[in-house]
Amino acid sequence: MSEARAAVEPAGTDTTVPAASGAHQFWRRLRAQRAALAAATVVALLVLVALAAPLLTALEGQDPTSYHPALIDSARGGVPIGSFGGAGADHWLGVEPQTGRDLFARLVYGARVSLGVALAATVVQVAIGVTVGVASALGNRWVDQLLSRATDIIVSMPLMIMSLALLAIVPSSVPRPVLVTLVIGLIAWGNIAKIVRAQTLSLKGLDYVSAARLSGWNTWRIACRELLPGLAAPVITYAALLVPINISVEAALSFLGVGVKPPTPSWGQMLTAADVWYQAAPQYLLLPAGALFVTVLALTVFGDGVRAALDPRAASRLRIGTGRRDKTGKTGKTSGADKAAADRGADTAGNSAGSPNSAGSPNSDKEATV
C-alpha cells in the first residue's frame with residue numbers, strides 16, 4: 001500500500017498485488033446486486049436530466065420562469081385550460097395553476113436545485129466530519145476531549161429547528177441554494193465525525209501505521225498516506241446514505257417556506273405551492289412528489305448496495321452455514337443419525353475407560369504383569 005506497509009511485510013512474502021484489485025472486487029460485489037444496479041441506473045438518469053435541463057427545455061421550447069396567462073382559466077380560479085393540466089405538444093406536462101409556467105421546465109430545473117444542494121451539502125459534511133474525526137483521534141488528550149465535546153453538541157442539535165432559525169434570520173439577498181447548502185452542511189456533520197474518529201482509533205494501532213511513525217513520518221503524512229485510504233470505505237458508505245437525507249431536508253425546508261424561494265424552481269418549493277391544488281390540478285402535486293419519492297428511494301437502495309459492496313464481511317455472512325468443517329476442508333452438515341452414532345461411540349469409550357477391565361485399572365496391571 002505504501003512504504004510503511006511494505007516495511008512490515010515478511011521478506012519472503014510476495015506483495016505484488018494489482019492496484020485495482022480492490023476496485024475490481026467492489027464492482028464485482030456491486031454487479032451481483034440487481035436492486036443496487038437498477039437504483040444506480042435511476043440515479044444516473046436523474047443526474048443526466050438535471051445536467052441537461054437547458055437542452056431539454058430548449059427542445060420543448062419553454063423555460064421555467066415565463067408566465068402564460070392565456071392558458072389559465074381565471075373564471076375557475078386559475079385552473080389550467082385543457083385536460084391533464086393543459087398538457088400537449090407545447091407543454092409536455094402541462095402548466096402551473098394561476099401562473100401558467102411550464103411544469104416540465106420547472107421539474108427538470110428543480111432537479112438541478114434539489115440534487116445540487118444535497119450533493120454539495122454532503123461534500124461539506126464529509127469534509128468537516130473527516131477533518132474533525134481524524135484530528136480528534138490523532139490529537140492529544142485535550143484536543144480529543146475538546147473536539148469530541150463539540151461533536152456531541154452538534155449531534156444533539158435538532159437539524160430542522162436550527163435550519164429554520166438560521167434561514168429565517170438571514171437576509172433574502174443571500175442566494176438561497178447556497179445558503180441552504182451551507183446550513184445543512186454546517187449543522188449535520190457530527191455523525192460522520194464520530195464514525196471517522198472511531199475508525200481512525202482502530203487503524204492507528206495497526207503495524208504499518210506504527211512502522212510509519214517509527215520511520216519518522218509526521219502526523220499529517222501518516223494521516224494522508226496511511227489512514228485516509230483505510231477510511232475511504234466507511235466514509236463513502238455514509239456519504240451515499242447522506243444524499244437522500246439531504247434531499248428530504250432541502251425539500252422540507254422549501255416546503256416550510258424558508259428554503260429556495262420562487263421563481264427558482266425546487267421540488268419542495270413546488271410542493272408548497274401545490275398544497276391547495278391537489279383536487280383541481282393533481283398533477284401539480286403528484287409530479288414533484290413522485291420525483292422526490294423516486295430519487296430518495298433510488299439513492300437509499302444504491303447507498304445500501306454500496307455499503308454491502310464495500311464491506312467484505314457482508315457477502316461472507318450470507319454464505320456462513322451451520323455445517324462442520326471436516327479434515328478434508330469441506331463443510332458439510334452432520335445428520336441426526338451420524339450425531340447419535342458419534343454420541344454412542346463417545347459414551348462407549350467413556351464407559352470402557354472407566355470400567356474395571358480397562359487399561360488404566362489395577363486389574364489390567366496385574367494381567368499385564370502375569
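Determine, from the Cβ-Cβ distance of VAL178 and SER210 and an R0 of 45 Å, the FRET efficiency 1/(1 + (r/R0)^6), rounded to the nearest 0.05. FRET efficiency, VAL178 to SER210: 0.55. Using the Cβ-Cβ distance between TYR278 and ASN218 with R0 = 45 Å, the FRET efficiency computed as 1/(1 + (r/R0)^6) comes to roughly 0.15.
Computed packing ranks the peptides 59-65, 169-175 as 59-65, 169-175, most packed first, by mean other Cβ atoms within 10 Å. Counted by neighbouring Cβ atoms within 10 Å, the residues PHE302, PHE293, PHE26 run from fewest to most as PHE293, PHE26, PHE302. What is the range 22-312 by shape, rounded, prolate or oblate, if you read a ≥ b ≥ c off the alpha carbon gyration tensor as root eigenvalues and call it rounded for a/c under 1.5, prolate for a/b larger than b/c, and oblate otherwise? Prolate, since a/c reaches 1.5 and a/b exceeds b/c.
By the beta-carbon count within 10 Å of each Cβ, the least crowded to most crowded order of MET157, MET162, MET270, fewest first, is MET157, MET162, MET270. Using 0.36 nm per residue and subtracting the Cα-Cα separation, the extra length available between LEU228 and THR300 on full extension is 23.4 nm. Distance between the C-alpha centres of the range 254-292 and the range 25-91: 14 Å, rounded to the whole angstrom.
Between LYS261 and ALA35, the FRET efficiency from the beta-carbon distance, with R0 = 51 Å, is close to 0.85. Cβ-to-Cβ counts within 10 Å put THR131, THR272, THR151 in ascending order as THR131, THR272, THR151, the fewest first.
Taken together, the values in this text are just the output of simple stated rules run on the coordinates, not laboratory data. Every value quoted in this text rests on a predicted model; they were computed, and no experiment measured them. Every residue, glycine as well, gets a Cβ built from its backbone with ideal geometry; the counts of neighbours run over all protein chains shown.
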